[in-house]
1. How big is the charge dipole of the range 328-461 about its Cα centre, in debye rounded to the nearest 20, if each Lys and Arg gets +1 on its Cβ and each Asp and Glu gets -1 on its Cβ?
2. Taking neighbour counts of Cβ atoms within 10 Å as a proxy for exposure, in what order, fewest first, do S267, S380 appear?
3. Can you give the charge dipole size of the chain about its Cα centre, rounded to the nearest 20 debye, using +1 on the beta carbon of Lys and Arg and -1 on the beta carbon of Asp and Glu?
4. Provide the FRET efficiency to the nearest 0.05 for the E125-K274 pair, computing r from the beta carbons and using R0 = 51 Å.
5. Relative to the longest principal axis of the chain, what angle (0 to 90°, nearest 10) does the C-alpha long axis of helix 216-236 take?
6. Within a 10 angstrom radius of the beta carbon, how do E490, E395 rank from fewest other beta carbons to most?
7. Helix 54-64 versus the longest principal axis of the chain: what is the Cα-based angle in degrees, 0 to 90, to the nearest 10?
8. Checking the table K273/K407; K285/K474; K296/K480; K156/K182; K407/K483; K312/K474 against a 18 Å threshold on Cα-Cα, which pairs fail?
Amino acid sequence: MFESAELGHQIDKAIYDIEAPKLREALLEAQMSLAKSSRFPVIILISGLDGAGRGETVNLLNEWMDPRFIQTHGMGKPSDEELDRPMMWRFWRELPPKGKIGVFLGSWYTWPILNHVTGRTKQAELDQSLERAKRLEKMLADEGALILKFWMHLSKDKQKKRLEMLEKNPKTRWRVTHRDWKHFKQYDKYRAVHERVIRHTSTTEAPWTIVEGYDSNYRNLTVGKVILEAIRRRLDDADIKTTTDHAPPPPLPSIDQLDILKTLDLSQKIDKKKFKTELEKYQGKLALLTREDRFKDITVIALFEGNDAAGKGGAIRRITGALDARCYTIIPVAAPTEEERAQPYLWRFWRHIPRRGRLTIFDRSWYGRVLVERVEEFCSKTDWMRAYSEINDFEAQLVRHNIVVVKFWLAISKEEQLERFKERERISFKRFKITEEDWRNRNKWDEYEHAVCDMVDRTSTEIAPWTLIEANDKNFARIKILKTLCKQIEAAMQKNSR
């Protein structure tokens, strides 16, 4: 694979001096068109061998382009804050919005490669990391992102010459480190791993461009022209979401009309005296669990979905009433802002992933895509159909990082909802809770019920199952939620202690 990049490509300086200004001007024009249209983001990964010109290439792109619409991220060793979250968190938070370019010097491939070459991980773990990277890139591409991946390559002899040349020049000596020479001694091992990575992750959505890095003139023109042509081609495309025409058919209603929500016993109740006793018991237990030293080693995410007026807010208050305000955060999820619409769908949830030792509560969540956005047709059929697998993958990454994901669906009957709606209209201090949108949603009760059943069926996994809460009786629901949360936290801490 690398043989074609070892042909000794060179560009004469006189030719470069003619071509470079024209290319720079064209890139600026394309960048301005991209910024004006704000139709898609551009994600550029610069990877490759030490001494192959990665840093110089990034510097040149920043020199040639308008700094207002391009941002570079040097993804070096993860910080303590980043290590507290899943590996992909640090990349999600730096993704460029639509209309801008994000350049990553170091990427989601860097550490899996380093860990494997240095023997910290086995082949299976590397392959799993590559699969996660491919799923991420496909999701970004499906969201409309233009992904350009460059691999700067050098033959072993040329890498040695390049490092020696940089080391001899006082102006570039700082670029060569002990680590670079250490990596050079492992050249053959790195090359084998690099070939495997490129072979497995050069996809239709995000192919690798291998660039010989020895001659800077050739390297600069090659990278610049690939970026220019890709942006121009995408700007000329009328529809940037190429998968829309191949949408899979939506799931069908069950033949016997039996769904999981209809199996719930919504008549379950708890009397007031028992409720007070149970509330004190489980709030106390939750308080003690979150104050244990073992809690510092885990992270908890509790998300609440449910019918309108099902009691999500009241249930959340019973949880927070047991907690130190310094250890939890509540994220109320509403319609996306302009900033959030300029990013991939899951971005606004990734950004709120907490550090270890904290509990974050989502009042509504990433499941909006397969619920309200599906039913109200705020997104395409393709978008909400692929969201199931994207959500499962997202939650798998959270759980893999020792995050406890607790998912609650609060279910009430259609008759109970009507009573609560009327009560909200009747009582002045509750009137703010009822809106025209609530009544419109109620008119689509059957469509929402169908969507909920599909959601549970497709996303209630072994590692992140749904807990269905019979919520006609608010007190019964609150106790069941507290008991479930305590049980999940206790199990996670015991697992960590083994």
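1. Charge dipole, the range 328-461, about its Cα centre: 600 debye, nearest 20.
2. On the way: S267 10, S380 15.
If I rank by nearby Cβ atoms, fewest first, I get S267, S380.
3. So the dipole magnitude of the chain works out to roughly 1960 debye.
4. 0.55
5. 40 degrees
6. Numbers: E490 15, E395 20.
Exposure proxy ranking, most exposed first: E490, E395.
7. Taking the Cα atoms of the chain, the angle to 54-64 is about 90 degrees.
8. On the way: K273/K407 28 Å; K285/K474 20 Å; K296/K480 25 Å; K156/K182 13 Å; K407/K483 13 Å; K312/K474 9 Å.
Flagged as over cut-off: K273/K407; K285/K474; K296/K480.
Taken together, the values in this text are just the output of simple stated rules run on the coordinates, not laboratory data. What you see is a predicted model, and the numbers here were worked out from it, not measured in a lab. Please note: Cβ atoms are built from the backbone with ideal geometry, for glycine as well, and neighbour counts cover all protein chains shown.
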